Amino acid sequence: MTRIGTARLHEMKAAGEKIVSLTAYDASFAAVLDEAGVEVILVGDSLGMVLHGEDSTLSVTMEDMIYHTRHAVKGSKRAMIIGDMPHKSYLNPEQALTNARRLVEEGGADVIKLERGDSSICEMIRHIVAHDIPVCAHLGLTPQSVEELGGYKVQGREPAAAKQIKQDALAVQEAGASILVLECVPSALAASITAELQIPVIGIGAGADCDGQVLVIYDILGISGRQPKLSKNFLEVSSSIQDAVKSYVTAVKSGDFPAPEHQFS
Ligand code: KIV
């Protein structure tokens, strides 16, 4: 079976069909997600928090990402696999390309994801894409910059910050990113970025008008020890993990998730 590619996500955006994404870090969860019809499995560096119990993603290494990506690939057949580039793995274009190649060749990722959208990140996106590796950008609340951002806070509430996020979104698209993850921004800002960009925008705490939604699997199962406003415990209303994931897929596809209480203004 061939995996979902970036072209399919672009078709879904054009058709107005919501893209469903969840994180997974191992073969068993990846298989559950694949079976439930999740289109994009994100092997996120959130694993530093939910698997390793750290307070941030900063300690995650390339070896961690390759290890977990390889196992998520092994458990799934259809979903696109996005592998996160961890903190400090993309400090310059050559290092970024070397590590992106490792994530694809050793980990089996279809697409790699990196955070922020300043000019040096755009240069790295250009370099990676020029070597035929598809890139997903990540803007808004970028957890690898938690120290600079002063915590896990909604981004883009002030007009100048909103303008910067929109400019960065256009810049990463222009640099060749095929997908954008937008995290923790006001819904109105996310809606206007989604409408302006040609590439699909997958939101987390970014409102209902994004082209798709992504959440951390352990949050939707209520086992991460936290219940962020942007997420929902789908296991509470389901009889099994498989049913909870299917309920999430149905809720995203129908537009029932995210509801107003999961969004920011
Ligand atoms: O690391 C991750 O899981 C992520 C999502 C929360 C978007 O980047």
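The values are calculated or read from the model by the stated rules, or taken from the named source; none is laboratory data. Keep in mind that what you see is a predicted model, and the values were worked out from it rather than measured. Here the Cβ positions follow ideal geometry from the backbone for every residue, glycine too, while neighbour counts run over all protein chains shown. Areas reflect the complete protein model, heavy atoms only, side chains present, ligands, DNA and RNA absent. Shrake-Rupley method; radii C 1.70, N 1.55, O 1.52, S 1.80 Å.
What the table below lists for this structure:
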{"read-out": "Residue match in the stretch 105-113 (condition: crowded, with 17+ Cβ neighbours inside 10 Å, in contact (Cβ under 8 Å) with a residue 24 or more places away in the chain and touching a His at 6+ places or on another chain (Cβ under 7 Å))", "value": "yes"}
{"read-out": "Filter result for the condition that a residue is aliphatic (A, V, I, L, M), touching a Ser or Thr at 6+ places or on another chain (Cβ under 9 Å) and surrounded by fewer than 20 Cβ atoms within 10 Å (Cβ to Cβ), over 100, 31", "value": "31"}
{"read-out": "Qualifying residue in the stretch 235-254 (condition: within 16 Å of the ligand (Cβ to nearest atom), out of contact with any helix residue (DSSP H, G or I) (no Cβ under 7 Å at 6 or more places or on another chain) and outside any strand (DSSP E or B))", "value": "yes"}
{"read-out": "Residues being within 13 Å of the chain's Cα centre (by Cα) and hydrophobic (A, V, I, L, M, F, W, C) - total across the stretch 101-118", "value": "3"}
{"read-out": "Options 128, 133: the member that is more than 23 Å from residue 19 (Cα to Cα) and not acidic (Asp, Glu)", "value": "128"}
{"read-out": "Count of residues meeting criterion [surrounded by 16 or more Cβ atoms within 10 Å (Cβ to Cβ) and more than 18 Å from residue 136 (Cβ to Cβ)] in the stretch 1-26", "value": "1"}
{"read-out": "Enumeration of residues in the stretch 233-265 that are under 23 Å from residue 53 (Cβ atoms), open to solvent by 10 Å² or more (accessible area, probe 1.4 Å) and under 20 Å from the mean Cα position of the chain (by Cα)", "value": "233"}
{"read-out": "Flag if residue 155 is within 14 Å of the ligand (Cβ to nearest atom) and assigned to a loop (DSSP other than H, G, I, E, B)", "value": "yes"}
{"read-out": "Evaluation of residue 226 against (1) open to solvent by 20 Å² or more (accessible area, probe 1.4 Å); (2) touching a residue at least 12 places away in the same chain (Cβ under 8 Å) (one fails), failing number", "value": "(2)"}
{"read-out": "Pairs with Cβ under 8 Å, 6+ apart, first in the stretch 53-64 and more than 19 Å from residue 95 (Cα to Cα), second within 12 Å of the ligand (Cβ to nearest atom) and open to solvent by 40 Å² or more (accessible area, probe 1.4 Å)", "value": "55/49; 56/49; 57/49; 57/87"}
{"read-out": "Helices (runs of 4 or more DSSP H) wholly inside the stretch 1-111 containing at least 3 residues that are charged (D, E, K, R)", "value": "6-15, 62-75, 93-105"}
{"read-out": "The stretch 167-206, residues that are buried (at least 19 other Cβ atoms within 10 Å of the Cβ), over 12 Å from the mean Cα position of the chain (by Cα) and either more than 24 Å from residue 20 (Cβ to Cβ) or among the charged types (D, E, K, R) (or both)", "value": "168, 175"}
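Yes/no per residue for (1) of a type in the set (Gly, Ala, Ser); (2) within 10 Å of the ligand (Cβ to nearest atom); (3) crowded, with 24+ Cβ neighbours inside 10 Å:
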{"residue": "38", "(1), (2), (3)": "no, no, yes"}
{"residue": "56", "(1), (2), (3)": "yes, no, no"}
{"residue": "59", "(1), (2), (3)": "yes, no, no"}
{"residue": "62", "(1), (2), (3)": "no, no, no"}
{"residue": "67", "(1), (2), (3)": "no, no, no"}
{"residue": "70", "(1), (2), (3)": "no, no, no"}
{"residue": "73", "(1), (2), (3)": "no, no, no"}
{"residue": "77", "(1), (2), (3)": "no, no, no"}
{"residue": "82", "(1), (2), (3)": "no, yes, yes"}
